[in-house]
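Colleague: Let me begin by handing over the structure; questions about it come next.
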Amino acid sequence: MNAKSVVRSYWDGRSQTYSIDIYKSRSEAEHLWKTLLKNTIRTNRNLRILDVGTGTGFLALLLAEMGHNVTGIDISRRMLEKSRQNADAMRLSIEFMHGDAEKLPFEDGTFDIVVNRNILWTLPDPLAAACEWSRVVKSGGKLVLIDGTWNDSATKMHLRRLLGRLVAFVTERQNPMAFTSYYSKIKDQLPFFSGSNPDDVANLFSEVGLTNVSVNRLERLREFENKNRSISYNIANNPSLFMALGEKW
Ligand SMILES: C[S@@+](CC[C@H](N)C(=O)[O-])C[C@H]1O[C@@H](n2cnc3c(N)ncnc32)[C@H](O)[C@@H]1O
C-alpha cells in the first residue's frame with residue numbers, strides 16, 4: 001500500500017469539509033496567529049516564504065496578508081483548489097504548487113523561511129522531509145514547525161475521537177469512517193501518526209543540522225482553540241500545541 005497515494009486521496013476528499021471547522025472568532029484568531037508569526041519572523045522586510053503542506057492555505061494566507069512573498073505546496077490537488085479560491089477571495093497573490101514535502105521541487109537556498117503546520121504526523125519519512133525543508137532555506141534563514149498531538153493513542157482520546165466523529169456526522173454531515181478507512185491502512189508507515197512532541201521535533205531539527213533550535217508551547221492559542229472551535233473538534237482533539245524554530249547556519 002503506497003502511503004502517499006492514500007494520504008493524497010484522503011485529503012482530496014477532506015478538502016470539501018476542512019474549512020468548515022472554522023473559528024467562531026476569526027478576527028481574534030487572525031490577531032493571535034499574526035502576532036505569533038511576527039514575533040517569530042522578527043523582521044520588517046518582505047521575505048520569500050514556503051508553506052509546506054499548505055492545505056487550504058491557513059499559514060500561507062496569513063503570511064501573504066502580512067506582506068510576504070509566499071509559495072504554498074501540497075500533495076492534494078483538491079486542497080490546492082480550495083487554497084487558490086481562498087487567496088482569490090482575499091485578493092492575495094500566492095503561488096500554490098502541487099508537490100511532495102519529502103521531495104521539494106526547489107533549488108537549494110530558495111527561501112528565507114520555510115513554515116509548516118500540522119503535517120508531520122502524516123509523513124512516511126519525517127527525517128527526509130526535514131532535510132528537504134532545511135535544504136531549501138537560505139543560509140541565515142529559519143525553519144518553523146507548528147504541531148500538536150493529533151492521534152494520541154491513549155484509550156480516552158481514542159474514545160473521544162469516536163464520539164467527535166459521531167457528532168461531526170450529526171452536526172456537519174461528515175462521514176465518521178472517512179479518516180479511519182484511509183489512515184488505518186497506512187498508520188504503521190507514519191512514524192509520528194500518534195503525534196510528535198517538542199523533544200521529537202527538536203531532535204529532528206538538530207539531526208538535519210539546524211542551530212539555535214527552540215520549542216515553545218502555544219498555550220494561548222490552545223486556550224483560544226478550546227473556546228472557539230466546533231463541539232466535534234473539541235471532543236476529538238486535545239492537542240498540546242507547540243512551535244519549533246531552527247536556524248540554518
Ligand atoms: C492537517 S492538513 C494541514 C493543512 C494546513 N497546513 C493547515 O495548517 O491547515 C495536512 C496537509 O498536508 C498535506 N500533505 C500530506 N502529505 C504531504 C506530502 N507528502 N507533501 C505535501 N503535502 C502533504 C495534506 O494534503 C494536507 O493538506
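The values are calculated or read from the model by the stated rules, or taken from the named source; none is laboratory data. No experiment lies behind these values; they were computed from the predicted model shown. FYI the Cβ positions are ideal-geometry reconstructions off the backbone, even for glycines, and counts take in every protein chain you see. Calculation scope for accessible area: heavy atoms of the full protein, side chains included, ligands and nucleic acids excluded. Shrake-Rupley method; radii C 1.70, N 1.55, O 1.52, S 1.80 Å.
Colleague: With the full set of protein chains in place, find how many percent of the accessible area of region 41-195 is carbon and sulfur; take the probe as 1.4 Å. Display every interim value, and only then the final one.
Modeller: Values: 3630 of 7230 Å².
About 50 percent, which is the carbon plus sulfur part of the accessible surface.
Colleague: Roll a 1.4 Å probe over the protein chains and send me the accessible area per residue for the chain in Å². Intermediate results must be reported in sequence, preceding the final value.
Modeller: Details: 12170 Å² over 249 residues.
Result: 49 Å² per residue.
Colleague: By a straight-distance test (C-alpha under 13 Å), which aspartates and glutamates pair with Lys187 as possible cross-link partners, with residues fewer than eight away in the same chain excluded?
Modeller: Cα-Cα hits under 13 Å: Asp125, Asp152.
Colleague: So, one more: Where in region 75-175 are there trypsin sites (Lys or Arg not before Pro) that are in a DSSP coil and have at most 16 other Cβ atoms within 10 angstrom of their Cβ? Write down the numbers at each step before the final one.
Modeller: Working: sites: Arg77, Arg78, Lys82, Arg84, Arg91, Lys103, Arg117, Arg135, Lys138, Lys142, Lys156, Arg160, Arg161, Arg165, Arg173; in loops: Arg91, Arg173.
Within region 75-175, the qualifying trypsin sites (Lys or Arg not before Pro) (loop, at most 16 other Cβ atoms within 10 Å) are Arg91, Arg173.
Colleague: Next up: Looking at region 5-36, which chymotrypsin sites (Phe, Trp or Tyr not before Pro) are in a loop (DSSP not H, G, I, E or B) and have at most 12 other Cβ atoms within 10 Å? Write out the running numbers ahead of the final one.
Modeller: Numbers: sites: Tyr10, Trp11, Tyr18, Tyr23, Trp33; in loops: Tyr23.
Within region 5-36, no chymotrypsin sites (Phe, Trp or Tyr not before Pro) qualify (loop, at most 12 other Cβ atoms within 10 Å).
Colleague: Could you quote the convex hull projected area for the chain, Cα atoms only and averaged over all directions, in nm²? Each step should come with its number before you reach the end.
Modeller: Details: hull surface 49.0 nm².
Mean orientational projected area (the chain, Cα hull): 12.2 nm².
Colleague: Under a cut-off of 18 Å between alpha-carbon atoms, report the lysines in cross-link reach of Lys24, not counting same-chain residues fewer than 8 places apart.
Modeller: The reachable lysines, counting only those whose Cα sits under 18 Å from Lys24, are Lys34, Lys227.
Colleague: Summing -39500 (n - 2.57) over the DSSP H runs of n ≥ 4 in the chain and dividing by its residue number, what mean residue ellipticity at 222 nm do you reach, to the nearest 500 deg cm²/dmol? Walk me through the intermediate numbers first.
Modeller: Values: 10 runs with 109 residues, N = 249.
So the helix-based figure for the chain works out to -13000 deg cm²/dmol.
Colleague: For Asp51, enumerate residues with amide H under 5 Å from its amide H, sequence gap 5+ or separate chain, H modeled in the peptide plane.
Modeller: Those lying under 5 Å, H to H, from Asp51 are Thr71, Gly72, Ile73, Val115.
Colleague: May I pose another question? Tell me the angle of helix 155-172 to the major Cα principal axis of the chain, expressed in degrees between 0 and 90 and rounded to the nearest ten.
Modeller: That helix lies at roughly 80 degrees to the long axis.
Colleague: Using a Cα-Cα cut-off of under 28 Å, which lysines could be cross-linked to Lys185, ignoring same-chain neighbours fewer than 8 residues away?
Modeller: Within the straight-line limit of under 28 Å, Lys185 reaches these lysines: Lys4, Lys82, Lys103, Lys156.
Colleague: Between Asn216 and Arg26, what FRET efficiency comes out of the Förster formula 1/(1 + (r/R0)^6) with R0 = 41 Å and r the beta carbon distance, rounded to 0.05? Kindly include the intermediate steps, with their values, before the conclusion.
Modeller: Numbers: r = 24 Å, r/R0 = 0.58.
Result of the calculation: an efficiency of 0.95.
Colleague: Here's something else I'd like to know. Using amide H atoms built in the peptide plane, which far-off residues or other-chain residues are under 5 Å from Gln174 H to H?
Modeller: Amide H neighbours of Gln174, under 5 Å, 5+ apart: Phe169.
Colleague: For the chain, with a Gaussian network of springs between Cα atoms less than 10 Å apart, report the residue from Met97, Met177, Met79 with the top mean-square fluctuation.
Modeller: Judging by the Gaussian network model, the answer is Met177.
Colleague: Considering amide H positions built from the backbone, and no H for Pro or chain starts, which residues 5 or more places from Val136, or on another chain, come under 5 Å of its amide H?
Modeller: Answer set, sorted by chain and number: Gly109.
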